[in-house]
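The values are calculated or read from the model by the stated rules, or taken from the named source; none is laboratory data. Computed from a predicted structure; not experimentally measured. Note that we place each Cβ from the backbone using ideal geometry, even for glycine, and neighbour counts take in every protein chain shown.
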Amino acid sequence: MSIDFSPKNSGIMFQPDMVHAYVKGGKNQTRRLKGLQVINESPNDWQLIFIPQHQGIRFVSFEHKETRQVIHLNMPYGGKGDTLYFKETYRMWSESEYGEGFIHYRADDAKVSPTWWTEEDWGKTHSGWFEKWNSSMFMPRRFSRFRHVPILNVRVERLQDITVADCVWEGVGEWMNKDANVREWMQEQRRLYFNLWDSINGKTLPASKNPYVWVYDFPPNEV
């Protein structure tokens with residue numbers, strides 16, 4: 001596998017509730033399946049044998065438990081030290097009679113002036129962006145309000161290995177209050193997360209199949 005130390009900035013889609021959790025400072029993790037299809041056809045047959053600890057190395061290695069076949073898989077959104085930009089549903093929005101342009105984000109109804117835009121960026125707008133919501137799938141980086149989110153760490157693990165704290169940092173659960181029953185609180189956080197997972201991935205790889213996932217860590221939003 002080649003090693004490229006140049007920085008990488010990758011787009012990653014977020015659903016509205018997860019965008020909202022990040023905006024509120026309650027999300028600093030995400031779990032993704034992209035690029036793990038071969039492994040997840042039979043996840044119990046594979047074992048992780050290499051994950052990098054150093055910036056610039058963006059692949060992991062798996063070994064088949066019976067055949068000893070080794071495969072290397074690239075990290076789909078970059079590795080430690082790279083950056084992400086969050087992709088969400090958006091449209092252009094004019095506030096004033098002078099046609100002052102803003103970007104309207106559907107997740108939390110935020111309307112943000114793109115102060116980071118260059119003259120060239122403004123020239124790329126077209127009337128269609130003022131008329132309809134645009135899919136997060138096709139959001140260019142210049143439309144993102146979170147354009148340089150640092151990747152603190154990337155790891156691979158089985159989905160059911162998620163900790164209770166991770167469930168909270170995924171933006172789903174909540175921290176335990178002093179009156180809560182510890183066992184019940186822990187069970188509830190995991191239930192909430194697995195329900196979210198199945199609402200997105202349940203038709204292909206539900207939580208019950210315990211697939212391998214990429215775990216991306218990034219700083220929480222400052223609020």
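Go through region 69-102 and give me each residue that's more than 20 Å from the chain's Cα centre (by Cα), part of a strand (DSSP E or B) and modelled with pLDDT of 95 or more.
Once the filter is applied, which keeps residues that are more than 20 Å from the chain's Cα centre (by Cα), part of a strand (DSSP E or B) and modelled with pLDDT of 95 or more, region 69-102 yields VAL70, ILE71, HIS72.
Could you look through region 122-149, keep only residues that are in a helix (DSSP H, G or I) and at pLDDT 85 or above, and pick out the one that is surrounded by the most Cβ atoms within 10 Å (Cβ to Cβ)? Give the steps one after another, and end with the answer.
Initially, region 122-149 is screened for residues in a helix (DSSP H, G or I), giving 122-123, 127-130, 136-138, 141-143.
Then keep just the ones that are at pLDDT 85 or above; that gives 122-123, 136-138, 141-143.
Details: TRP122: 11, GLY123: 9, SER136: 23, MET137: 9, PHE138: 10, ARG141: 13, ARG142: 17, PHE143: 25.
Among them, the one singled out is PHE143.
Taking ILE49 as the residue in question, decide whether it is modelled with pLDDT of 95 or more, part of a strand (DSSP E or B) and in the same structural domain as LYS203 (by TED's automatic domain parsing).
Numbers: modelled with pLDDT of 95 or more: yes; part of a strand (DSSP E or B): yes; in the same structural domain as LYS203 (by TED's automatic domain parsing): yes.
In short, yes.
Name every residue in region 171-223 that is modelled with pLDDT of 90 or more, of a type in the set (Val, Ile, Thr) and under 14 Å from the mean Cα position of the chain (by Cα), in order of residue number.
ILE200, VAL213, VAL215
Before we move on, is LYS34 assigned by TED's automatic domain parsing to the domain that holds GLU157, closer than 26 Å to ASN134 by Cβ and surrounded by 17 or more Cβ atoms within 10 Å (Cβ to Cβ)? I'd like the intermediate steps shown before the answer.
On the way: assigned by TED's automatic domain parsing to the domain that holds GLU157: yes; closer than 26 Å to ASN134 by Cβ: yes; surrounded by 17 or more Cβ atoms within 10 Å (Cβ to Cβ): no.
So LYS34 fails the test.
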